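Derivation of every value follows stated rules applied to the coordinates shown; laboratory data play no part. Computed from a predicted structure; not experimentally measured. Cβ: placed from backbone, ideal geometry, glycine included. Neighbour counts: every protein chain shown.
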Amino acid sequence: MIITQGTLDLNSFDLTLPDELTVDANGTLQLQGGEIITTTTTTLNAGSTVLYDGAGAYTGLTVGNTYSNLIFNGSGSWTLDNALDVNADLILTNGTLDVDNVGNYQINVAGDWGNNATLTARNGAVVLDGTAQAVNGSTTFYNLTKSVTAADTLTFEAGQTQTIASGGTLNFSGTPSNVLQLRSDTPSSEWFLTVNAGVAPIANYVDVRDSNAASGQTVNAYYSTDAPPGGSNTNWVFGQQLQLVKQVWDASGSSCLASIPADGACNGGTTLANVPTSSTVQFLVFVRNVMAVAAGNVRFQDLLDDAAFTYQAGTLKRTPADAGAPSDSAAASAIFAAASTAQTDAFDGDIGIDEFAGVDTTVSPDNLLVGGGGAGQNDTLTIPAHKTFAIRFEAVKN
């Protein structure tokens, strides 16, 4: 049986065929979601459409997990029981698509994403793996990825908001010679992005226009372009390659008290900590290298107010400064744990770069200099590509 054009609506009836069912490019197979289809083979050709319109609660998709065009337009709910691959458009007009609270199944879409209904994203991922794609409607994603190796444009519906839920991930990435453009479908009209606390957004080699991310975390876009320069985007930071982060942790290292810049995973994003007198805290200072190449001749300094805190001699520790360092996407808690190698407080000029790149506390304990050059300091700190270098130490509140 071949549906060459028009629509075959099963309307809750089962379908049994002695041979193959084929839906051609101009054909649509419509069903509620609970029907049983029995064939030797079911083939959905490029350009075909399957439309689910039921009002019930359905687990698994009757026609399988690979589609050309896929539409949900019923008041029901459809819960995936496997990863879903849509090779053209996925449109949620009505109802609920649930990625399953156990499987958290991934959805790959090669065409446009359209949502005027509900995606129950849970801890699942949506991967946009086609070209010249569009995102229409407003959706709350958990993990959203669009990563390209050939120059491409991802278009967003103006006035609509894409939200990344707490704990999820956002990845918009191109390459040095193949930039990913992020555009509004109506030039000069904003599309909205909300990156919630606990998300570490990744945006590399992108060219962004008309994006307003003011309702969430700042999006740092590396090797990227604010198009037009300095103009049309809100709460995006462009061109940053190294990120310096300073945090205060409790004495045990189990809780982050404050972070600059704000980190949603650190005490709800607070940048201030009230430390009681005589309390011991740990300071964590780290530099992320988000570049695809090593960052050389890095130097950073931490000044500790010795009227407020007393540095605890012998507590200085560091991460490796080589391939064993934490990744540039590591959570602060993982970076803290990795800063476990003891470092003498007095600088040792014979320490090699692969071990450590220079800590100078010989001037005073409230002036910690890492890297750089000159008397009493090693001549360089190199942070490998996509790695994080960190130090931590203890101090007592005076």
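Protection proxy ranking of 277-283, 316-322, by the mean of other Cβ atoms within 10 Å over each peptide's residues and highest first, is 316-322, 277-283. Annotation: the stretch 162-301 has a Kirkwood hydrodynamic radius of 16.7 angstrom, from the mean reciprocal C-alpha pair distance. Once you reduce the stretch 1-32 and the stretch 303-347 to the center of their Cα atoms, the two points are 64 Å from each other.
Every helix of 4 or more DSSP H residues in the chain counts as -39500 (n - 2.57), and over all residues that averages to -500 deg cm²/dmol at 222 nm. Based on the Kirkwood approach, the hydrodynamic radius assigned to the stretch 80-158 is 12.7 Å, with every pair of different Cα atoms included.
Fraction of C-alpha pairs exceeding 12 angstrom in the stretch 230-269: 66 percent, rounded to a whole number. Modelled spin-label separation between Leu242 and Ala334, with each label point placed 7 Å from Cα along the Cα-to-Cβ direction: 2.2 nm. Computed extension gain for Asp81 through Ala262, at 0.36 nm per residue and net of the alpha carbon distance, reaches 61.4 nm. Counted by Cβ distance under 10 Å from Ala339, the other residues give a net charge of +3, where Lys and Arg count +1 and Asp and Glu count -1.
If R0 equals 56 Å, the separation of the Cβ atoms of Thr149 and Gln312 corresponds to a calculated FRET efficiency of about 0.70.
Taking a sphere under 14 Å around the Cβ of Asn115 and counting the other residues whose Cβ falls inside, with K and R at +1 and D and E at -1, yields a net charge of -4. Computed on the Cα trace of the chain, the radius of gyration divided by the Kirkwood hydrodynamic radius gives Rg/Rh = 1.10. Using a 7 Å offset from Cα along Cα-Cβ at Asp129, what residues in the stretch 145-173 end up with backbone N under 20 Å from the label point? Only 145-155, 169-173 pass the distance filter. Stretching Leu303 away from Thr40 to a fully extended chain increases their span by 87.4 nm, per 0.36 nm per residue minus the current alpha-carbon distance. Straightening the chain between Thr118 and Leu8 buys 37.0 nm, computed as 0.36 nm per residue apart minus the Cα-Cα spacing. Positive-end ranking of Ala125, Thr388, Ile164 along the dipole of the chain, with charges on Cβ about the Cα centre, is headed by Thr388. How much FRET efficiency would the formula 1/(1 + (r/R0)^6) give for Thr280 and Asp322, where r is the Cβ-Cβ distance and R0 is 41 Å, rounded to 0.05? About 0.85, to the nearest 0.05.
From the P(r) of the stretch 17-135, can you give the percent of Cα pairs sitting at distances over 24 Å? Tail of the P(r) past 24 Å holds 20 percent of the pairs.
With both residues required to sit in the chain, DSSP beta bridges show an antiparallel share near 30%.
GNM on the chain, C-alpha springs below 10 Å: top fluctuator among Ser48, Ser75, Ser254? Result: Ser254 has the largest fluctuation of those listed. Among residues other than Thr186 with Cβ under 15 Å from its Cβ, the summed charge is -2 (Lys and Arg +1, Asp and Glu -1).
Amide H to amide H distances under 5 Å link Lys387 with Asn289, Asp328, where only residues 5 or more positions off or on other chains count and H is placed in the peptide plane.
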